[in-house]
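All remarks here apply to the structure that follows.
The values are calculated or read from the model by the stated rules, or taken from the named source; none is laboratory data. Every value quoted in this text rests on a predicted model; they were computed, and no experiment measured them. Ideal geometry is used to build each Cβ from the backbone, glycine not excepted, and the neighbour counts take in all protein chains shown. Side chains are part of the model used for accessible areas, which takes the heavy atoms of the whole protein and leaves out ligands, DNA and RNA. Shrake-Rupley method; radii C 1.70, N 1.55, O 1.52, S 1.80 Å.
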Amino acid sequence: MNQPVEAHRRASLRRFRPSRLLLGAMGLLLATGATVVVTSSAQAATTLGASAAERGRFFGTAVAAGKLGDGSYTTILNREFNQVTPENEMKIDATEPQRGQFSYGNADRIVQHARSRGMQVRGHTLAWHSQQPGWMQSLSGSTLRQAMLNHVTQVATHFRGQVTWWDVVNEAFADGSGGGRRDSNLQRTGNDWIEAAFRAADAADPDAQLCYNDYNTDNWTAAKTQGVYRMVQDFKSRGVPIDCVGFQAHFTGGSNYPSNFRTTLSSFAALGVDVHITELDIRNAPADAYRNVTNDCLAVPRCTGITVWGIRDSDSWRSGESPLLFNSGGTKKAAYDAVLAALNSGAPNPTTPPPTTSPTPTTPPPTTPPPTTPPPGGSCTAQTSPGTVWGDRYNTAVTVNGANTWTVVVSVNAPQRITTTWSGSASLNSNGTVLTMRSNGSGNTFGFTTMTNGNSGARPQITSCTAG
């Protein structure tokens, strides 16, 4: 049943084509209020997502569809984060409540909200022993296996092209000292069920990054951590399509932040997978612990992003422990300041898989498009300034003159694609080649990241600047 290694090598290269080199690294963000770094003397970013994006990473949050009508909630979401994970809306009981009858309404709402604002989406989760609907719980053996694979295929196909990462399998390893698999109805269909789920997801959404996600795998010496490590090592050696590992990082009294967390991240990354911190929350939100976790990720080039599990304390599944970066009133905590300062102090992340060596930053092309001529009835001009350049992507800043309220349209030539945006209200066309940016009170300079996709010579062109 195993796909030949050479065939998978070709498939992996396909998956890591520059068109997918967003990974966790390039969150498609509207991070309002941030200042793009275009020179070494530029000001520090002022939001989590903008700062992470400048370092080739994402900073995201779990989102509940039912809270998208909460103005305070969405204000923080839209301002601070460049990645979202549906909290419950993509789980099995939500997407297939009756066998063969799929329901995507709330998940689609979250995906639409995120993508319309330039945020990336993490699909969570395709196969899990928990939150199974009653019909699935009643199945076993080959019938359950087929139902699970059909669920993976149908859901991944529905969101194909809209999701950057899939948590294909969630929490399949047991707690305790053994380091083995959890005894679940899915495990009882055969020890290869995780591999089968990954292969089904790969067939359904071949451009997505495929992840394994679990909790209590933060401590490098823990048996559970070692069990997951051995599975990933085995999958990579046999060509099973796995691209990333998620560490939930629910740090509590029973699972405190471990001093060897950085070792855990770097050890998994050495296997050739990206590592993500996927569900971060820390009891009482100590600033030092949040700072340490952020610095651990920044120290590992293949740690391409951090997601906190909720926005305000009142949104948390652990609300009584006040574990998040914003209190229930939406006010930033000291932990928020610690995370932002750590992000702003981090160096840009130049590593984009599959290369294992960091590409050397290059000098931006010397030519800069001239300021545009204001269209009839308008009174603004816009001019680009080149920013940081990596081997596969580059930043650009745009400064608007002559108006405080404006709309600027920027285009790139395919196969280039605009991804991350900040300091404005952004919308992108379907293939990412045309960005429409509107002022939102963040000032008259905005920025964006462009993936070169093999075409590094052309620069973005401003096609219009309209005042008002």
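Restricting attention to the stretch 186-218, the residues that are open to solvent by 30 Å² or more (accessible area, probe 1.4 Å) and part of a loop (DSSP other than H, G, I, E, B) total 5. Quick one: what pairs do we get from the stretch 379-406, first residue on the phi > 0 side of the Ramachandran plot, second open to solvent by less than 10 Å² (accessible area, probe 1.4 Å) and modelled with pLDDT of 85 or more, C-beta under 8 Å, 6+ apart or different chains? The qualifying pairs are GLY402/CYS380. Would you check which residues across the stretch 70-122 are out of contact with any Asp or Glu (no Cβ under 6 Å at 6 or more places or on another chain), open to solvent by 40 Å² or more (accessible area, probe 1.4 Å) and not charged (D, E, K, R) and list them? Answer for the stretch 70-122, where residues must be out of contact with any Asp or Glu (no Cβ under 6 Å at 6 or more places or on another chain), open to solvent by 40 Å² or more (accessible area, probe 1.4 Å) and not charged (D, E, K, R): GLY71, SER72, THR75, ASN88, PRO97, GLN98, GLY100, GLN101, SER103, GLY105, GLN112, SER116. Do we find that GLN131 is modelled with pLDDT of 95 or more, open to solvent by 30 Å² or more (accessible area, probe 1.4 Å), within 20 Å of ASN213 (Cβ to Cβ) and not in a strand (DSSP E or B) in this structure? Considered against the rule, which asks whether it is modelled with pLDDT of 95 or more, open to solvent by 30 Å² or more (accessible area, probe 1.4 Å), within 20 Å of ASN213 (Cβ to Cβ) and not in a strand (DSSP E or B), GLN131 comes out as yes. As a summary of the residue check, GLY178 satisfies the conditions (1) open to solvent by less than 30 Å² (accessible area, probe 1.4 Å); (2) part of a loop (DSSP other than H, G, I, E, B) except for the one numbered (1).
Considering the stretch 48-61, the residues that are in contact with a helix residue (DSSP H, G or I) (Cβ under 8 Å, 6 or more places away or on another chain) and among the aliphatic types (A, V, I, L, M) include one that is surrounded by the most Cβ atoms within 10 Å (Cβ to Cβ), namely ALA52.
Pairs linking a residue in the stretch 290-304 that is closer than 16 Å to ASN219 by Cβ and among the acidic types (Asp, Glu) to a residue that is modelled with pLDDT of 95 or more and open to solvent by 30 Å² or more (accessible area, probe 1.4 Å), with Cβ atoms under 8 Å and 6 or more positions apart or on different chains, are ASP296/ARG262.
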